[in-house]
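Before any comments, here is the structure.
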Amino acid sequence: MTSFWKNRTAFVTGATGFVGAHVAKKLVEHGARVVCLQRDAVRANPLDLFDLRRRVTVINGSVDDLALMERIINEYEIEAVFHLAAQAIVGAANRSPLSTFESNIRGTYSLLEACRISPTVKRVVVASSDKAYGTHESLPYTEDYQLLGLFPYDASKACTDILARSYAHTYKTPVAVSRFANIYGPGDMNLSRIIPGTIVSALRDEAPIIRSDGTPVREFVYVEDVARGYLLLAEKIEEMIGKAFNFGSGEPITMLDLVELIIKLSGKTLEPNVMLQRKIEHEIDAQYLSAEKAHQQLGWRAEVNLDEGLLRTIGWYRAHLDEMQ
């Protein structure tokens, strides 16, 4: 275990969310003093599920509140910032684009401005997404591909990405950008996502639902690998300012194959309910990343393969099934 984080102060936005809680947990395990931002006191959020609340400082508020961001960074003498707060549900973004843009775009530039004027902030990692790339014919996506995200969530992440790199290049703010594939693992309470939704359905002996024709190809990366990637990028920020990095497992899979694999690993014999007989208009057929740059420059590679990650995740949901909606 690295001693890099011992007694350093880190600020995690989105720490009551799935990925943010894992980043906060890993920072705490490495000896960091962690300040977390909480917008809504959601029941059974991962910060509580992982028994982290008593080990971190939790501040209530919104990331788009510039005065609050300045106060937190100043009063707690924040050195490292991990910006993971976002409205991350694609369906919600399509229904309510304005709230998504407020959270994901205004929230990003408010936080970056607070970081820019702070004398204590030395490292900032901003979460973009593979969705920022939009649709490209050539696969896997590399970091030099254009950001062509067109739908509200995808566009908001493209803006987040560009804003972060703008602050790095214009003001030398010590910012780097992560572009992760779809993230899964213990503690994801959003059952509209395909992996937790399928696992919970299978454990309840209900037919899992596939909200497509089952043919779209996506890539999934285990959340422990994700948290490790965030910390590694922050640790090496001096050489990485203004850069963006893909993080993925290198294991693309169709939605139908994924659901059938989860059913099998759960020890069940169920038939998935494929909702559509043909492709959804505008849905991206295939989307997966090259993580070679992260391997070459950061020494990062996914360590948990899909089968092992799913087994660990299924085990966690089996133990917490009563807490699921």
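Quick one: is residue 179 basic (Lys, Arg) and touching a Ser or Thr at 6+ places or on another chain (Cβ under 6 Å)?
Spelling it out, residue 179 is indeed basic (Lys, Arg) and touching a Ser or Thr at 6+ places or on another chain (Cβ under 6 Å).
From 63, 81, 125, grab the single residue that is crowded, with 21+ Cβ neighbours inside 10 Å, without any contact (Cβ under 8 Å) to a residue 60 or more places away in the chain and hydrophobic (A, V, I, L, M, F, W, C).
Unique residue meeting the criteria: 63.
Any idea which of 164, 181, 202, 176 is crowded, with 22+ Cβ neighbours inside 10 Å and either at positive phi or in contact with a Gly (Cβ under 6 Å, 6 or more places away or on another chain) (or both)?
Answer to the selection: 181.
Which count do you get for residues in the range 90-105 that are at pLDDT 90 or above, buried (at least 18 other Cβ atoms within 10 Å of the Cβ) and either of a type in the set (Lys, Arg) or out of contact with any Cys (no Cβ under 9 Å at 6 or more places or on another chain) (or both)?
So the count comes out to 2.
Counting only residues that are of a type in the set (Ser, Thr, Tyr) and farther than 27 Å from residue 155 by Cβ, which one in the range 179-221 is farthest from the chain's Cα centre (by Cα)?
201
Looking at residue 71 and the list (1) within 20 Å of the chain's Cα centre (by Cα); (2) surrounded by fewer than 18 Cβ atoms within 10 Å (Cβ to Cβ); (3) without any contact (Cβ under 8 Å) to a residue 24 or more places away in the chain, which single condition is not satisfied?
(1)
When only residues in the range 77-109 that are polar (S, T, N, Q) and assigned to a loop (DSSP other than H, G, I, E, B) count, which is nearest to residue 13 (Cα to Cα)?
Across the range 77-109, the extreme among qualifying residues is 87.
Within the range 16-47, can you find the residues that are farther than 13 Å from residue 231 by Cα and surrounded by fewer than 16 Cβ atoms within 10 Å (Cβ to Cβ)?
Passing the criteria: 40, 41, 42, 43, 44.
Working only within the range 138-160, note down all residues that are among the polar types (S, T, N, Q) and over 16 Å from residue 85 (Cα atoms).
Selection gives 138, 142, 146.
Taking helices (runs of 4 or more DSSP H) that fall entirely within the range 237-325, which contain at least 3 residues that are over 22 Å from residue 215 (Cβ atoms)?
Helices (runs of 4 or more DSSP H) meeting the threshold: 237-240, 292-298, 306-319.
The values are calculated or read from the model by the stated rules, or taken from the named source; none is laboratory data. Values in this document were obtained by computation on a predicted structure and should not be read as measured data. Note: ideal-geometry Cβ built from the backbone for every residue, glycine included; neighbour counts use all protein chains shown.
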